[in-house]
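Heads up, the thing below is written out as structure tokens.
The values are calculated or read from the model by the stated rules, or taken from the named source; none is laboratory data. What you see is a predicted model, and the numbers here were worked out from it, not measured in a lab. Here the Cβ positions follow ideal geometry from the backbone for every residue, glycine too, while neighbour counts run over all protein chains shown.
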Amino acid sequence: MYTFLCGTGGSAVRLFLLLYFFSRLSGKSFHLVSALFWMLPWSLLEQTLPSPILKSAAEFLLLLLYGFLQVRAGWKHTVLISVLSLSVAFWSKGVAEAIGYWIAKEVGAKHLSVLQFLDLGIVAFSCGLLYFSLQGISKLFFQNLQYLYHQILLIAACPFLFVLLAEQLLASAVYGDTVIWSVADGLVYPQIQTAPILVLQLLAGATVLSILFLFHRLEKTISVEEENKFLLHQLAEQAGYMQEIQGHEKRLRSLQHDIKNHFLLLQELLNQHKIEEASSYLAELGGLSYQGEHPVRTGNATVDILLKSKLAAVSHKGAEIQCDLKIPNTSIITDLEWCVIFGNAVDNASQAIEAVPENERYLHIKGMQKGDFLYLHMENSCLKSLCSVVEGVGLSNLRTLVEKHSGTLTIEIGRGRFSLDILLLISQQ
């Protein structure tokens with residue numbers, strides 16, 4: 001029983017901790033039964049594989065399969081978490097072995113009873129150090145490991161892999177798997193200076209923490225840069241919206257200024273019984289009045305003005321326009337945010353429409369309130385060969401704003417159709 005706890009049992013406990021924190025660091029729920037299922041093949045491999053290097057490779061492969069099949073994480077994220085957790089595991093084992101060697105050398109010669117439980121103590125201390133190390137990492141760096149940009153995931157994994165391999169080679173080359181003990185002389189082989197080895201182990205742990213802190217700062221810097229880009233884009237959009245509003249108000253003032261003269265002329269034509277001339281002039285005046293009105297009535301004056309301009313530009317490209325959109329008078333979403341949503345969405349649709357033949361161009365907008373949520377559906381024509389889209393600044397800003405309001409954004413592309421569905425929380429009640 002003692003041999004089992006120091007060997008296969010200790011390895012099983014360590015693997016259980018790795019699986020548990022793999023799920024935590026991936027933001028997924030942990031299932032005990034599934035973990036026990038994954039531990040079964042490892043128990044068999046751990047007893048049959050001849051060398052520690054092969055056992056380490058098998059443990060790494062098992063973590064990769066667990067990430068792909070059980071947690072269903074992306075392959076880059078899976079590699080990063082696997083290498084990080086194994087690095088911490090080997091570091092914990094190395095520190096425990098260094099302390100255990102010192103105890104065997106300095107204390108064991110005087111107190112032989114200590115040696116009876118030394119191996120079990122090393123395993124217990126190693127597993128405890130692994131647990132508290134991964135617990136601290138999951139609390140301090142969970143957000144960074146969860147949302148690190150994909151292009152830097154593997155860069156972060158490389159130094160962790162170096163620490164992992166260094167720990168494994170250090171254990172194999174320095175300690176080996178042979179111990180010679182003499183009742184008279186105590187520990188005969190191996191004879192190792194424990195202090196330098198322990199210092200190297202602590203430096204390895206500090207290296208892992210330094211890397212995590214570095215990427216923590218890098219992630220914050222990237223987030224600030226993205227937020228600055230978003231704010232600059234908002235300012236540019238706001239300037240355009242203000243110009244549209246100013247132009248609209250200018251046309252209204254011009255119409256109001258001339259309305260008295262129009263009424264005087266109509267009155268004079270009616271006094272002279274020139275009914276046909278008055279009717280013709282009134283029809284012409286009605287056309288001018290229509291130009292000053294909003295062709296879209298959403299319930300939000302700012303959005304009306306924006307869509308009037310945007311949809312007019314799309315209509316000039318020969319596209320069929322349908323807009324059935326209702327926005328509540330009051331909501332937690334500001335007028336500027338509404339303009340960012342519709343401005344980016346219609347601009348993207350307008351660019352996609354340009355690439356298709358004129359007789360196939362269309363843009364349909366629908367939106368309605370459902371309780372505390374607003375559902376928005378936009379559909380437009382696009383190239384039939386288009387099956388995916390790279391999110392630029394516009395779509396990225398749109399997604400950021402939607403997530404800010406606890407919403408969802410879904411994109412579907414296929415058969416010459418681009419569909420954008422947005423669900424927004426518009427009320428805090």
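Points to keep in mind about this one:
- Test: residue in the stretch 400-415 that is assigned to a helix (DSSP H, G or I) and free of Cβ contacts under 8 Å to residues at least 60 places away in the same chain: yes
- Flag if Gly318 is buried (at least 22 other Cβ atoms within 10 Å of the Cβ) and either of a type in the set (D, E, K, R) or in contact with a Lys or Arg (Cβ under 8 Å, 6 or more places away or on another chain) (or both): no
Here's the yes/no breakdown for (1) without any contact (Cβ under 8 Å) to a residue 12 or more places away in the chain; (2) part of a helix (DSSP H, G or I); (3) in contact with an Asp or Glu (Cβ under 8 Å, 6 or more places away or on another chain):
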| residue | (1), (2), (3) |
| --- | --- |
| Ser11 | no, yes, yes |
| Leu44 | yes, yes, no |
| Ser56 | no, yes, no |
| Thr78 | no, yes, no |
| Ser92 | no, yes, no |
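- Residues in the stretch 303-335 that are at pLDDT below 85, among the polar types (S, T, N, Q) and closer than 30 Å to Ala355 by Cβ: Ser309 alone.
- Residues satisfying the stated conditions in the stretch 337-364, i.e. in contact (Cβ under 8 Å) with a residue 40 or more places away in the chain, buried (at least 16 other Cβ atoms within 10 Å of the Cβ) and more than 15 Å from Ala313 (Cα to Cα): Glu337, Cys339, Val340, Ile341, Val356
- If the condition is being of a type in the set (Ser, Thr, Tyr) and touching a residue at least 60 places away in the same chain (Cβ under 8 Å), then the stretch 21-38 contributes only Ser26.
- One residue stands out in the stretch 355-389 among those that are among the hydroxyl-bearing types (Ser, Thr, Tyr) and in contact with an Asp or Glu (Cβ under 6 Å, 6 or more places away or on another chain): the one that is nearest to Val303 (Cα to Cα), namely Tyr362.
- Within the stretch 33-42, considering residues that are closer than 14 Å to Thr8 by Cα and surrounded by 14 or more Cβ atoms within 10 Å (Cβ to Cβ), the one modelled with the highest pLDDT: Met39
- Against the numbered list (1) modelled with pLDDT of 75 or more; (2) within 22 Å of the chain's Cα centre (by Cα); (3) loosely packed, with under 11 Cβ neighbours inside 10 Å, Asn228 comes up short only at (1).
For every residue, the table says whether it meets (1) surrounded by fewer than 17 Cβ atoms within 10 Å (Cβ to Cβ); (2) outside the structural domain of Ser315 (by TED's automatic domain parsing); (3) at pLDDT 90 or above.
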site	(1), (2), (3)
Asp372	yes, no, no
Leu376	no, no, yes
Lys384	yes, no, no
Val389	yes, no, no
Leu398	no, no, no
Gly407	no, no, no
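- Filter result (part of a helix (DSSP H, G or I) and farther than 13 Å from Leu18 by Cβ) within the stretch 59-74: Phe68, Leu69
- Single match in Ala352, Ala345 (criterion: under 20 Å from Ile413 (Cα atoms), among the hydrophobic types (A, V, I, L, M, F, W, C), in contact with a helix residue (DSSP H, G or I) (Cβ under 9 Å, 6 or more places away or on another chain) and in a helix (DSSP H, G or I)): Ala345
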